1. Using the Cα centre of the protein assembly as shown as the reference point, and only Cβ charges (+1 on K/R, -1 on D/E), how large is the resulting charge dipole? Debye, rounded to the nearest 20.
2. Which links in B:LYS193/B:LYS275; A:LYS145/B:LYS503; A:LYS115/A:LYS154; B:LYS248/B:LYS348; B:LYS146/B:LYS248; A:LYS154/B:LYS503 stretch past 24 Å when you go from one Cα to the other?
3. Taking the Cα atoms only, what angle lies between the long axis of helix A:166-177 and the longest principal axis of chain A, rounded to 10 degrees?
4. Take the Cα coordinates of the protein assembly as shown, assign each an equal point scatterer, and use the Debye formula without solvent to give log10 I(q)/I(0) at q = 0.05, 0.07, 0.09, 0.11 Å⁻¹.
5. When the scattering of the stretch B:368-527 is computed by the Debye formula from its Cα atoms alone, each counted once and equally, what is log10 I(q)/I(0) at q = 0.09, 0.10, 0.15, 0.19 Å⁻¹?
6. Within chain B, what whole-number % of the accessible surface is contributed by carbon and sulfur, with the 1.4 Å probe and all protein chains included in the calculation?
7. So how long is each side of the stretch B:73-168 along the principal axes, counting just the alpha-carbon atoms, biggest first, in Å?
8. Which value, in Å³ per residue, describes the convex hull spanned by the Cα atoms of the stretch B:2-61?
Amino acid sequence: MTEMTDNTVNESGEKQKPRIATAALCGCFGCHMSFLDIDERILQLVELVEFDRSPITDIKEVGPCDIGLIEGGVANAENVEVLRDFRRHCKILVAVGACAVNGGVPAMRNQFELKECLVEAYINGIGVENPQIPDDPEIPLLLDKVHPVHEVVKIDYFLPGCPPSADTLWTFLNEILAGEEITFPYSLIHYD
Amino acid sequence: MKNIENFVSELLSATENAPELLLQDLCAIQQRYSYIPENAVEILASKLNLPAVQIYGVIDFYSFLHRKARGTFDILFSDNITDRMLGNQSLIDSLCEKLDIEPGTPRIDGRVTVSVTSCTGICDQGPALLVNGMTVSGLNEERISKIAELIEEDTPLSDWPASFFVVEDNIQRSDILLDDKIINGSAIESLQKNGSDALLEILEQSGLRGRGGAGFKTALKWRFCRDTDSDQHYVVCNADEGEPGTFKDRILLNSYADNVCEGMTLCAGIIGAKKGYIYLRGEYRYLLDDLEQTLQKRRDANLLGKNICGHEGFDFDIDIHLGAGAYICGEESSLIESLEGKRGIPRKRPPFPVTNGFCNQPTVVNNVETFVAAAKIAVFGADWYGSVGSSESTGTKLLSISGDCARPGIYEYPFGVSIEQVLEDCGAHDTQAVQVAGAAGSTVPAQEFHRSIAFEDLSTGGSFMIFNQQRDMLEMVQNFCHFFCHESCGFCTPCRVGGALMKDLVDKVMVGHATHNDLKEMENIGQIMQQNSHCGLGVTAPKPVLDTLEKFPQIYMQRLANRGFEPAFDLDAALEESRQITGRDDAEAHIEYEPLLNTAGQDES
């Protein structure tokens, strides 16, 4: 188990909050929405932590953090770059939700050749005008298959679920911030 | 097309539109056309009153059934580790090159497909292949060249050299089971003379336990089944000898078929069954004609049929059902599902087949060897059998010996024989390990060769594969992991997903990209599979990995990458297809390798 190191006091002797960053790779943002479902508890959370890069803060580059939460699988070159950046900067990296844990819905394209998918979407798709497969250097290239995040960088914790419920995320954050062992009541980890 | 419709209609009228014969119908269509055409499925669906998707579900479940034509010659190389040790891979390459095809893809002219299949049970006379379901043994370059010629000349299988199709019994050591002959009908006479209670008593005293490996007491099983009240009882002979490296049932079905039938008839007499089935693995199709003849001879001699041996009301007959390349169907509840014409998904147990088996009726399912032993015990008595073997395991066991030894083949030993003794007898030298009980069994290193073959020590269905010091044991592990991944029925997640993850991780070790964390992950996945799988397949599938991690750690350690983490795949190569499609080659179109992507500021190991 990876533990957070004690750095709650900064150089000038002030208490420093742990920093959290979040990112969505190839996912639907549902895990982030579920995170927001902690509702008013977010006020307690901001007492406990400082947010770094996240859709919540709109900070674009991740800085040194204690915890990184990753939603979504790895589907393109930019996903790889963001994920690696998080790994470089986060002491604890967490795969959040089905797509991060095992590729999820986007990985359904793994049954097909990449070319088939692109032709279906950009050449033969209904209502497509001026059909062509995008090749602009601004657009990240797709990997031939969608991968779970732990196949690209080392992951410390996995939170399954589609999405993991707000209570699951809340329980996890509280336990890890308190330095406790991560455990869940059964109701949070059964899915049928 | 008209042709296909006629064929299927005739087939169905011959089988009286029985839905439980669906798999048998599909096997016949596959054999005739090298695939199951869509219109055949339509006819089956309407005549058998089944949804078409259910029929496609069955087709997709079994490896030997296909939706696309395989061609005039459908060739499947046996790809067990023992075939690999005998050099099957260069022979596959050679045949593909001669025929100018890729493995697994039918040739454009519809002449031939070449691919691989799980162990075909010819390990002592391999490498082997199946051509249109018929076994060709003893492959070498010369035979492969000839096969390529025959295919190019479109020579019908019936005109191929008969020598290609010879499979010897290859009995190297025999004991009481193979030596002491009984006269046909004598076990049935013994039953009539002694009565079923006394016969069960004799079986119980003999200590006979099931020969498939699990070792359940045969008398107890038969008694449970007999005592379950029902109009119908069934006897099923499990001849789905799919465990890699096992081939002892092959010789029993070839040269002791009468004894097998005799044992089944004896069982029928005791439990009150009118109907029995031999579930013959598809790989043993070459035995089918002879077995049918044996059954017919027994019918002619009144050893099967109505009023057997003149005993009023003793009616029993046996049908043969073919499997179609599914290892899981060796598990008795999957076998029953398959007998009923369905996908071979294991049932939940309990209830057990003895109370709720074939068509939900009480059913005895026993191994081929068990029936032979039971028939002989009925004639020669409990003492004859109990006089050999060990206290917990009476009698003898047939071992199928293959791999690195001078004399592979069938060896019958009294239970309790040591591995050392077996190795000496079959001429194995410099042995590194023995895989006992097949891919699902145990990897036994040299320091444990004093251990014995017995239910109380090393229990086995009969597979015994030998690896000498020159062999790389990880190749065995990899072969078995691919095997289990392919053979998982897909019903439960621990086995379906766990098996695939395990296979990928072993492949990662093989190419030198795995780290210590990957080994920990393999142990973790293995435990999850063992604790949570629905049936024995998932429970045993991680065993080759877990056994060798414990007993042969060096085969993993010597290949580990000296880093905390390695990606599971080549990131830059994963962009190649995109680069091809878009024509891009700029800096952003590549991913650089980053060797030290650990946790921030920490050096993880």
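The values are calculated or read from the model by the stated rules, or taken from the named source; none is laboratory data. Everything quoted here is computed from the prediction, not taken from an experiment. No Cβ is skipped: glycine too gets one built from the backbone with ideal geometry, and neighbour counts run over all protein chains shown. Areas reflect the complete protein model, heavy atoms only, side chains present, ligands, DNA and RNA absent. Shrake-Rupley method; radii C 1.70, N 1.55, O 1.52, S 1.80 Å.
1. Magnitude of the dipole: close to 2140 debye.
2. A:LYS115/A:LYS154; B:LYS248/B:LYS348; B:LYS146/B:LYS248
3. Between the helix axis and the principal axis of chain A, the angle is about 50 degrees.
4. The Debye formula, applied to the Cα set alone, gives -0.33, -0.63, -0.97, -1.27.
5. Log10 of I(q)/I(0), two decimals: -0.39, -0.47, -0.91, -1.16.
6. With neighbouring chains kept in place, the figure for chain B is 47 percent.
7. 34, 26, 21
8. Per residue, the Cα convex hull of the stretch B:2-61 comes to 70 Å³.
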